[in-house]
1. Counting pairs of alpha carbon atoms under 8 Å apart in space and at least six apart in sequence, what relative contact order in percent does the chain give?
2. For Met132 paired with Asn52, estimate the spin-label separation in nm (one decimal), with each label point 7 Å from Cα along the Cα-to-Cβ line.
3. Sorted from fewest to most neighbouring beta carbons within 10 Å, what does the list His119, His251 look like?
4. Tell me the net charge near Gly85. Cut-off is 9 Å between Cβ atoms, Gly85 excluded, with +1 for each Lys or Arg and -1 for each Asp or Glu.
5. Could you tell me what percent of the DSSP beta bridges with both partners in the chain are antiparallel, to the nearest 5?
6. Which lysines have a Cα less than 20 Å from the Cα of Lys210, not counting those fewer than 8 places away in the same chain?
7. Packing-wise, with mean Cβ within 10 Å as the measure, how do 47-53, 181-187, 195-201 rank, highest first?
8. Defining a contact as two alpha carbons under 8 Å apart and six or more residues distant in sequence, what relative contact order in percent does region 195-284 show?
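A short reminder: the numbers here are calculations on the coordinates, not readings from a lab. Note that the structure is predicted; figures quoted are calculated from it, not measured. Positions of Cβ are generated from backbone atoms using ideal geometry, with glycine treated the same way; all protein chains shown enter the neighbour counts.
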Amino acid sequence: MKRRNFIQQTAATGAFIGLGGLNISLTENPKKHITILHTNDVHSHIEPFGPNDPRNANMGGVARRATLIQQIRNENPNTLLLDAGDIFQGTPYFNFYGGELEFKLMSKLKYDAATIGNHDFDNGLSGLLAQMPHAEFDFITSNYDFSNTILEGHTSPYKIYIRDGVKIGVFGLGVELEGLVTKKLYKETQYLDPVETATEMTRILKQEQKCDIVICLSHLGYEYKTENKISDVVLATKTKDIDLIIGGHTHTFLDKPSILNNLDGKKVMVNQVGCYGINLGRIDFFLDSDKKLNGSGVSINV
């Protein structure tokens, strides 16, 4: 969706489609409104594409994204900004600065959290660790066990954020590194089963911590032709208590989130906004006085 059309449409709209397919009028004045903004696979694209680019002319760029994010925050201060990995690798900015610029700019944009993608290992564990002091946001990964590496203690399996009294639990899942990343780059990092990990994370976040919204930051990939390969679509159907899966890795451009049924037959939103910072994902959650959750989403051109 074009950003101008999006802003006009957001201001004018009177209804949205909830997770259960129910039309809810905004004039009913729901108790709480939480906005989730997200990116994935930005791949060190700091500047917008040039006017002569054959596919993405004049699109993207951190400055344009910053303006759009601020407009949305002005509209709704109860906003969370997340990234689904592969922050590194793709332009000379990474080759020259090793990720420092990416993390500093994300901090300026006030990202709340990011998960770790396979390309974020491209300078090894030591290269990633060296840049982490420049990041004023959380690194969340639940199925990479760094306990025997130098990254031990520098990431969290989950985080809980409070916006307008709403508890939002976020956990992260990464793609299997073996065969994708050179062993010497990730060393003794252990890959844990994503479905088993998600089951444990949702138990903690929903049952123990009583989170109102549970979000998975995923770098597994949206969907694969091989049925036994774990993806966001498979994860959604094999787990429960996840409200939103924010994806990455496959550079999948979705105009709006996919809606899938989980193990309990409840709705899960799965979204991914392509790559290179071309789009910004926006999900709006509405909670009534009983904290019953409805939501809608859109992909916005930057």
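1. This gives 23 percent for the chain.
2. 4.3
3. The fewest-first ordering by Cβ neighbours comes to His251, His119.
4. For residues surrounding Gly85, the net value is -4.
5. DSSP beta bridges in the chain are roughly 60 percent antiparallel.
6. Correct list for Lys210: Lys31, Lys32, Lys159, Lys167, Lys240, Lys266, Lys267, Lys291, Lys292.
7. By packing density, highest mean first, the sequence is 195-201, 181-187, 47-53.
8. Here the relative contact order equals 24 percent.
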